[in-house]
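Single-structure report; data block below.
The values are calculated or read from the model by the stated rules, or taken from the named source; none is laboratory data. Values in this document were obtained by computation on a predicted structure and should not be read as measured data. Cβ placement follows ideal geometry from the backbone for every residue including glycine, while neighbour counts extend to all protein chains displayed.
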Amino acid sequence: MAYAKSSWKDKPRGLFSELKEVLTRMCSGNARCVYCEDSLAYEIEHMRPKDLFPEVCYAWSNYVLACGPCNGPKNNKFAVLVEPLKRVDITRKPNAAVVPPERGRPALLDPRVDDPLDFLWLDFRTFRYVPNTDDDMSEVWLRADYTIDVLGLNKRDALVRGRRSAFSGFNARLSAWINQQHQLTAVERQVFIEDFRNERYRGVWERMKRYNNELPLLAKSAELIKAAPEALQW
């Protein structure tokens, strides 16, 4: 463990420049954090902490690009799901003995593998995330609840306000597209679409697309999408 941490800290400058470029392309919107979708992603985040899993310190599958406000508080916090199904916090406390952590499936959602829409329900009244199930004994609930808590997705008011603003912004952009698209050149249309795709809070838009015909709160969005069905591909 000590070697993994020290070698990571002392890695040659620029060693992971190419890695960061690849991870940036995997980010939400315009290089936004894969967790909160708000802040600029500039830190290589080990989903499985180096303190607990030094063997994957340099594993490609363990990297995402995150922002400081997400990566910092998360730090070395980690929990796993074990059978019979329950969530076990395996975070190593300060000065605790270094012993192999209990093995299990990660509780933290992995944005490279998991579809957040399958786990996190967005309340379009409060713009807070909640587990996408009422069964608090299910794997979906245990993972969603842990992810929301450890990343502070509802604790940071700026994130909640940002999701609300993004919701209004996506509707406004759709309305502008419907009214202006026929006046735009091919290049201008492409720029419009790319700008739309690069907006922050991509998860808000994905949920607007998925639930626009199901939720009364998304009635306006449903009308706009019906008028511009091509937006479902954005």
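The numbered conditions (1) surrounded by 17 or more Cβ atoms within 10 Å (Cβ to Cβ); (2) closer than 27 Å to Pro69 by Cβ are all true for Ser165 except (1).
Please go through segment 197-234 and pick out each residue that is in a helix (DSSP H, G or I) and among the aromatic types (Phe, Trp, Tyr). Trp205, Tyr211, listed by residue number. For segment 199-229, the tally of residues that are exposed (fewer than 14 other Cβ atoms within 10 Å of the Cβ) and either among the polar types (S, T, N, Q) or in the same structural domain as Ala66 (by TED's automatic domain parsing) (or both) stands at 1. Per the listing Asn132, Asn179, the residue uniquely within 27 Å of Lys226 (Cα to Cα), without any contact (Cβ under 8 Å) to a residue 60 or more places away in the chain and in contact with a Phe, Trp or Tyr (Cβ under 6 Å, 6 or more places away or on another chain) is Asn132. Where residues in segment 75-101 are within 17 Å of Asp51 (Cα to Cα) and at pLDDT 90 or above, which of them is surrounded by the fewest Cβ atoms within 10 Å (Cβ to Cβ)? This residue is Asp89.
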